[in-house]
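Reading through the structure tokens given below for one structure.
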Amino acid sequence: MSVATPPPDTPTTRHDAVVEALKRRFGEQGVREQATLTGWPVLWVAREALTEVLGFLRDKSQAFEMLYDLSAIDERLRSHRRDLPDADFTVFYHLMSLSRNRDVILKVALGETDLSLPSVASIYPNANWYEREVWDMFGITFEGHPHLTRILMPPTWNGHPLRKDHHARATEFDPYTLTVVGQDKEQQALKFDPEHWGMRRKHDDSEFMFLNLGPNHPSAHGAFRIVLQLDGEEIIDCVPDIGYHHRGAEKMAERQSWHSFIPYTDRIDYTGGVMNNLPYVLAVEKLAGIQVTERAATIRVMLAEMFRITSHLLFLGTYLQDLGAMTPVFFTFTDRQKGYEVIEAITGFRMHPAWYRIGGVAHDLPRGWEKLVQGFLDWMPKRLREYERAMMENAIVRERTRHVAAHTTTEALAWGITGPNLRATGFDFDLRKQRPYSGYENFDFEIPVGSNGDAFDRGQLRIDEMRQSLRIIQQCVDHMPAGDYKADHPLTTPPPRERMLQHIETLITHFLQVSWGPVLKPNESLQMIEATKGINGYYLTSDGNTMSYRTRIRTPSFPHLQHIPALMRGGFVPDLIAHLGSIDFVMADVDR
């Protein structure tokens, strides 16, 4: 069978181009390729060459402007490592070239007795928090890191939770007790020490004030703390403190079956609902070799866009509330409720339906769904125009947000900013267009972009995006394909009951699916989507078992918060409050 030559700008040619460029520069022995289902080149490089390779890829000739993700895997219990370098631990670097729409994943093998790598924060500034997370979770040190301390776990924590020898269940720990002495110890550990962060307490004849903002739960963002170094109301520096929402989502994935982990994904960005299911089930389907039906893909798109709207409505109301306006949140929550009525009628649940399944969705659309969805589509456009008139055209809102906390496209890419916060700078990149998934290539819609990259544009952009989501949902209503709501594949949802009662093989399949879950062949897969807050990705490693060996969840809000100090130095406290509202973050999306 002949294979057609791909056109010049396909993933295949982009894949080959970066591999060839690296091999020409570093030699065949310096770059070793691994076959995966990620869709992008996965290359092993030597520790000694890491910074040089990253610098080469960061250069304009290759234009990998963004360090999308940096994490690790404990290889010590992995059975299927055929043709892979010897390693007790692996650290991987996922780079993106958004200007050329291509990715590359670099891996470095480490031995258990020498868990050390050079820090790459000087090449990619957002590596700072990712390296801290890898040290926190795995105990891998990064030489030259400016402040290698715990970031998600408490300062007093013992051990590194994502190591395979660390407990995975509460029942494996001793019963928890908190004495008065223990409480004092924990409180003392949380005390902020400016010198520890390289901050001065005074300048010339004036003393700086240190303001502890949080940890509280402002509006809907979550438990977040940020310590400000102030000269009057001017922010000299600040230190975000995260981890209060951390509950070990990636660790839990190691003890849940491929199916039973789906509800856990709902709780990552807890305003995104099934939007969290989508990258996970798509990544699992890559591992399983499942192609979903056109109807299932279209249903997924419709519900995902419904949640984009409800999430953006929550953002819009709380954003204006952060600015001091109390009325808007009541209006946006009213419309959000209308969206949830549609979602609940279709899925049976509101915020956390956990409704997508491997191979499709939980059940077919109910009778009368078209009328219900159309009612929402008819209601929302006039409401969005009213929000623009009452909120974004309000003189006070404009004064508080125009040219406030503005950043450029170059800065956004360097800090790993994605989604509306990137597009607000004028950079047109949306995975639904650049790398269509779940059938988005079949829909007619536009990608709104801003121009100033400021707090105002970040707010206006969400309204424009809701209009495009309505446009997508309308096409789902008008052109919903016929057919089944799940793929006819043994690794999908359990088989129909009538077949189960007639065939012993089907009965066995049903029993294994429900009791153990599907067994997926050893491999690695990756799926990224354009989620409500930016690019969300799941990087799955299967070791030929009923559970994931390693699940890496890369969320957009994590780098968005890391960017705050670089953006707010020299700003003022009211500007910080406006910026926090404009980011659109929830702490579960940061902490996982």
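Checked against the criterion of being more than 27 Å from Glu131 (Cα to Cα), in contact with a strand residue (DSSP E or B) (Cβ under 9 Å, 6 or more places away or on another chain) and not in a helix (DSSP H, G or I), the range 441-464 has no qualifying residue.
Residues being in contact (Cβ under 8 Å) with a residue 12 or more places away in the chain, farther than 19 Å from Leu431 by Cα and acidic (Asp, Glu) are entirely absent from the range 525-533.
Okay, residues lined up against (1) closer than 30 Å to Thr492 by Cα; (2) among the charged types (D, E, K, R):
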position: Val301; (1), (2): yes, no
position: Phe307; (1), (2): yes, no
position: His312; (1), (2): no, no
position: Phe333; (1), (2): no, no
position: Arg336; (1), (2): no, yes
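Consider the range 220-241 and keep the residues that are outside any strand (DSSP E or B) and surrounded by 15 or more Cβ atoms within 10 Å (Cβ to Cβ). The one that is modelled with the highest pLDDT is Ala223.
Of the residues in the range 476-486, at least one is free of Cβ contacts under 8 Å to residues at least 12 places away in the same chain, assigned to a helix (DSSP H, G or I) and either surrounded by fewer than 16 Cβ atoms within 10 Å (Cβ to Cβ) or not assigned by TED's automatic domain parsing to the domain that holds Ile553 (or both). Apart from one condition, Tyr244 fits all of (1) out of contact with any Leu (no Cβ under 9 Å at 6 or more places or on another chain); (2) in a strand (DSSP E or B); (3) among the aromatic types (Phe, Trp, Tyr); the exception is (2).
In the range 108-120 there is at least one residue that is under 24 Å from the mean Cα position of the chain (by Cα), in the same structural domain as Thr36 (by TED's automatic domain parsing) and surrounded by fewer than 21 Cβ atoms within 10 Å (Cβ to Cβ).
To keep it simple, each residue is scored yes or no on (1) farther than 28 Å from Ile564 by Cα; (2) without any contact (Cβ under 8 Å) to a residue 24 or more places away in the chain.
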| site | (1), (2) |
| --- | --- |
| Arg400 | no, no |
| Gly459 | no, no |
| Ile463 | no, no |
| Ile472 | yes, no |
| His489 | yes, no |
| Pro495 | yes, yes |
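Among the residues of the range 15-62, the one identified as surrounded by fewer than 14 Cβ atoms within 10 Å (Cβ to Cβ) and either hydroxyl-bearing (Ser, Thr, Tyr) or within 23 Å of the chain's Cα centre (by Cα) (or both) is Ser61.
When every residue of the range 272-288 is checked against the conditions, at least one turns out to be at pLDDT below 90 and either farther than 18 Å from Thr541 by Cβ or not assigned by TED's automatic domain parsing to the domain that holds Leu377 (or both).
When you look at Ala72, is it more than 17 Å from Leu413 (Cβ to Cβ), at pLDDT 90 or above and under 21 Å from the mean Cα position of the chain (by Cα), yes or no? Yes; evaluated as a whole, the condition is true for this residue. Among residues of the range 158-182 that are within 20 Å of Met547 (Cβ to Cβ), those with a Cβ under 8 angstrom from a residue that is part of a loop (DSSP other than H, G, I, E, B) and among the aliphatic types (A, V, I, L, M), sequence gap 6+ or separate chain, pair up as Pro161/Met153; Lys164/Leu77. Taking the criterion of being in contact with an Asp or Glu (Cβ under 9 Å, 6 or more places away or on another chain) and in a loop (DSSP other than H, G, I, E, B), the residues of the range 356-365 that qualify are Ile358, Gly359, Asp364. Looking across the range 234-291, the residues that are among the hydroxyl-bearing types (Ser, Thr, Tyr) and out of contact with any Asp or Glu (no Cβ under 9 Å at 6 or more places or on another chain) come down to Ser257, Ser260, Tyr264, Thr265, Tyr280. Of all residues in the range 411-422, those that are hydroxyl-bearing (Ser, Thr, Tyr) have Cβ atoms under 7 Å from Cβ atoms of residues that are part of a loop (DSSP other than H, G, I, E, B), 6 or more apart or on another chain, in Thr418/Gly534; Thr418/Pro556.
Given the criterion over 30 Å from Arg389 (Cβ atoms), among the basic types (Lys, Arg) and surrounded by 16 or more Cβ atoms within 10 Å (Cβ to Cβ), identify the matching residue among Arg435, Arg467, Arg458, Arg497. When all the criteria are applied, what remains is Arg435. Quick one: would you say Met466 is at pLDDT below 95, more than 30 Å from Ile417 (Cβ to Cβ) and touching a Leu at 6+ places or on another chain (Cβ under 8 Å)? In short, no.
Quickly run through the range 17-62 and pick out the residues that are of a type in the set (Val, Ile, Thr) and part of a loop (DSSP other than H, G, I, E, B). Hits for the range 17-62 are Thr36, Thr38. Scanning the range 408-453 for residues that are in contact with a Gly (Cβ under 9 Å, 6 or more places away or on another chain) and among the β-branched types (Val, Ile, Thr) gives Thr408, Thr409, Ile417, Thr418, Thr425, Val449. If only residues of the range 124-177 that are assigned to a helix (DSSP H, G or I) and aliphatic (A, V, I, L, M) are counted, the one that is surrounded by the fewest Cβ atoms within 10 Å (Cβ to Cβ) is Ala170. Restricting the first member to the range 430-453 and to residues that are within 15 Å of Gly537 (Cα to Cα), and the second to residues that are of a type in the set (Lys, Arg), the beta-carbon pairs closer than 8 Å and six or more apart or on different chains are Asp430/Arg423; Ser438/Arg300.
The values are calculated or read from the model by the stated rules, or taken from the named source; none is laboratory data. Here the structure is a predicted model, which is why all the values come from computation and not from measurement. All Cβ positions, glycine included, derive from the backbone under ideal geometry; neighbour counts span all protein chains shown.
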